[in-house]
1. Kindly state, to the nearest 0.05, the FRET efficiency for L31 paired with K61, given R0 = 30 Å and r defined as their beta-carbon distance.
2. On C-alpha positions alone, give me the angle between the axis of helix 2-78 and the longest principal axis of the chain, in degrees, nearest 10.
3. When ligands, DNA and RNA are left out and all protein chains stay put, how many square angstrom of accessible area per residue does the chain have with a 1.4 Å probe?
4. Give me the net charge for the shell around A70: Cβ to Cβ below 13 angstrom, other residues only, Lys and Arg +1, Asp and Glu -1.
5. For E41 and E69, FRET efficiency with R0 = 35 Å and r from the beta-carbon atoms, rounded to 0.05?
6. Jot down the per residue volume, in cubic angstrom and as a whole number, of the convex hull over the alpha-carbon atoms of the chain.
7. Within the accessible area of the chain, what % is carbon and sulfur when the probe is 1.4 Å and the other protein chains stay in place?
8. Please enumerate, by chain and number, the aspartates and glutamates with C-alpha under 20 Å from the C-alpha of K48, excluding those fewer than 8 residues away in the same chain.
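The values are calculated or read from the model by the stated rules, or taken from the named source; none is laboratory data. Fair warning: this is a prediction, and the values are worked out from it, not measured in the lab. No Cβ is skipped: glycine too gets one built from the backbone with ideal geometry, and neighbour counts run over all protein chains shown. Accessible surface areas use protein heavy atoms only, side chains included; no ligands, DNA or RNA. Shrake-Rupley method; radii C 1.70, N 1.55, O 1.52, S 1.80 Å.
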Amino acid sequence: MVVSVITAYYSYKLNKAKSDRETAKDQFDRLNDEAEKMKRERDEYYEKTKKQDQQILKLKKDLLMQQSEARQREAEHDG
């Protein structure tokens, strides 16, 4: 009788440990997946921001060129 109680106790502890390990692994996998998702979203955001910055620089350059041409035409017209 004592042996069966001890066996049942250790069997319960073993099953609980296995269950806890599986729960921990599931949590780890879920967190790992979430981290990967966040990395992808971050990379997409940076890429989008980089493209927008390039567009802004191009528009500024175009604006400066137009302003320069306008000043040059005014100078020619005035001169």
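1. 0.10
2. Relative to the chain, helix 2-78 is tipped by roughly 0 degrees.
3. 100 Å²
4. The answer is -3.
5. The formula returns an efficiency of 0.25 here.
6. Once divided by residue count, the hull of the chain is 38 Å³.
7. With neighbouring chains kept in place, the figure for the chain is 56 percent.
8. List returned: E36.
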